[in-house]
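Some notes on the structure that comes next.
The values are calculated or read from the model by the stated rules, or taken from the named source; none is laboratory data. Everything quoted here is computed from the prediction, not taken from an experiment. All Cβ positions, glycine included, derive from the backbone under ideal geometry; neighbour counts span all protein chains shown. Protein only, heavy atoms only, side chains kept; ligands, DNA and RNA dropped before computing areas. Shrake-Rupley method; radii C 1.70, N 1.55, O 1.52, S 1.80 Å.
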Amino acid sequence: MSRNMTATNTEIFHFLDNYCIGRSNPIRNANTPRWIAGPTANEKAFLADAKIVFTLNFTLTRRAAIFEHLGRAYFCLVGFDEAEIFGQLTEVEVTGGIFTTIIGELLPKPIKSTDEIRNIVEAQDRSNSGHIYKGHSLDLMKNLFPSVSVFTMGEVSETEAYRIFFRFCAMECENGDFWIKKILSSSLTNLCDLDSLHIPYQTLCRSVFDADPAGLFLALYRCIEALYSYKSAGKIATEFNLTKDWNEISIILEATLGWRATEASSLNSLLTLCDETVFPDLFTALGITIDQTILNIKDLAGKQIYKLRNALVHFRPIHHRKEYEKIDWNLICVVMTEIVRCIYEKIFSITIEEPGSALPFRHAPSLRLPEPSH
């Protein structure tokens with residue numbers, strides 16, 4: 001369905017009108033004909049025909065979306081100040097047509113005061129300027145909203161698109177004002193170098209901007225949880241000579257029989273795929289001293305991870321959270337990231353791409369994340 005240029009511009013200026021009205025400082029020329037200057041013929045084609053695939057709304061001022069146009073994918077970032085080119089991406093100039101399309105679809109909260117908005121919007125319009133009016137200055141309109149960046153590459157699958165957005169999110173956290181330190185942001189970025197699209201990047205995208213570090217821990221836990229039925233479903237496939245993928249089998253078992261893999265034992269089973277050198281930092285992050293020569297360190301690690309998971313999702317007295325202020329969330333999330341990385345490498349027999357390399361896959365399947373269990 002084509003996008004109407006007049007209607008999109010009207011939507012943007014009405015959004016600003018209502019924003020100022022809601023703050024008791026109304027714009028005097030509200031509801032008059034106004035638009036953003038600049039769209040050339042090519043820009044108008046993008047505005048009219050670019051198809052929005054999906055959006056990611058992190059906050060009122062930080063949003064992302066992917067558009068498809070003429071066989072190319074356009075990654076649009078609003079409120080991302082640290083975005084840089086990587087892989088096959090090239091940066092696109094944010095012209096009037098592209099800016100109008102993105103702001104009209106995402107409507108991020110303005111970053112200027114109502115007085116500053118009024119100074120720009122009230123300066124002119126078609127009613128008081130007549131044919132002299134060529135539209136509001138693109139540069140001035142850009143100043144009213146969070147920064148807009150656009151990158152493009154050839155066609156991508158939706159799952160691959162989430163992986164690219166996740167790299168942008170990790171990049172933003174590494175250089176922005178967030179609780180995530182460089183050691184963790186680098187570890188998260190490394191997940192994008194896995195030659196696989198099975199990791200549920202969509203969940204991770206949202207979690208990195210969570211003000212509560214526990215949100216990222218739980219998102220990483222869910223990446224592991226998505227594989228809980230791997231061994232059990234695999235055994236069923238082998239026993240009955242089934243050709244279906246283990247993930248399909250686990251979905252069928254749960255849908256028809258209500259079967260789910262046991263969490264604690266499944267977690268411990270998956271941790272056997274990890275190198276033991278990963279686990280000492282887990283206990284350091286939790287402030288737990290252990291005997292480094294202990295034989296069952298993976299079982300002990302699984303117990304602590306599952307205990308913390310339960311304490312974060314349940315609210316019974318036994319799961320009181322007062323002691324979790326002492327957790328080194330950066331370090332424990334680094335450990336969880338490395339566990340996810342190791343498990344997915346082993347299960348899917350995947351390779352590692354060079355950092356920032358091309359992301360060539362188009363049709364890789366994605367795992368269905370399990371519903372949060374309680």
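Structural remarks
- Summed over the range 28-42, residues that are over 15 Å from ARG126 (Cβ atoms) and in contact with a Phe, Trp or Tyr (Cβ under 9 Å, 6 or more places away or on another chain) total 2.
- For the range 266-281, the count of residues that are open to solvent by 60 Å² or more (accessible area, probe 1.4 Å) and at pLDDT below 70 is zero.
- Residue in the range 197-206 that is surrounded by the fewest Cβ atoms within 10 Å (Cβ to Cβ), counting only those that are touching a Lys or Arg at 6+ places or on another chain (Cβ under 7 Å) and assigned to a helix (DSSP H, G or I): THR203
- Within the range 126-164, the set of residues being free of Cβ contacts under 8 Å to residues at least 12 places away in the same chain and either surrounded by 16 or more Cβ atoms within 10 Å (Cβ to Cβ) or farther than 20 Å from CYS76 by Cβ (or both) comprises SER129, GLY130, HIS131, ILE132, TYR133.
- Looking across the range 106-125, the residues that are free of Cβ contacts under 8 Å to residues at least 60 places away in the same chain and either within 24 Å of PHE151 (Cβ to Cβ) or outside any loop (DSSP other than H, G, I, E, B) (or both) come down to LEU106, PRO108, ILE111, GLU116, ASN119, ILE120.
- Look at the range 179-194: where a residue is under 15 Å from PRO213 (Cα atoms) and a partner is among the small types (Gly, Ala, Ser) and open to solvent by less than 10 Å² (accessible area, probe 1.4 Å), sitting 6+ places away or on another chain with Cβ atoms under 6 Å, you get SER185/ALA170; LEU188/ALA170.
- Within the option set GLY97, GLY79, GLY87, being more than 28 Å from THR189 (Cβ to Cβ) and of a type outside the set (A, V, I, L, M, F, W, C) holds for one residue only, GLY97.
- Tally of residues being among the small types (Gly, Ala, Ser) and without any contact (Cβ under 8 Å) to a residue 60 or more places away in the chain across the range 165-178: 1
- Single unsatisfied condition, ALA65 versus (1) open to solvent by less than 20 Å² (accessible area, probe 1.4 Å); (2) in a loop (DSSP other than H, G, I, E, B): (2)
- Selection count, the range 1-37, where residues are acidic (Asp, Glu), more than 27 Å from the chain's Cα centre (by Cα) and open to solvent by 70 Å² or more (accessible area, probe 1.4 Å): 0
- Scope the range 207-226; condition crowded, with 20+ Cβ neighbours inside 10 Å and assigned to a loop (DSSP other than H, G, I, E, B); matching residues: VAL208, ALA226
- Close pairs (7 angstrom Cβ cut-off, 6 or more residues apart or separate chains): within 11 Å of ASP328 (Cα to Cα) in the range 268-297, assigned to a loop (DSSP other than H, G, I, E, B) and of a type in the set (Asp, Glu) anywhere: ALA285/ASP328
- Scanning the range 38-58 for residues that are outside any loop (DSSP other than H, G, I, E, B) and surrounded by fewer than 18 Cβ atoms within 10 Å (Cβ to Cβ) yields ALA41, ASN42, LYS44, ALA45, ALA48, ASP49, LYS51, ILE52, VAL53, PHE54, THR55, ASN57.
- Flag if GLU172 is open to solvent by less than 30 Å² (accessible area, probe 1.4 Å) and closer than 15 Å to GLY79 by Cα: yes
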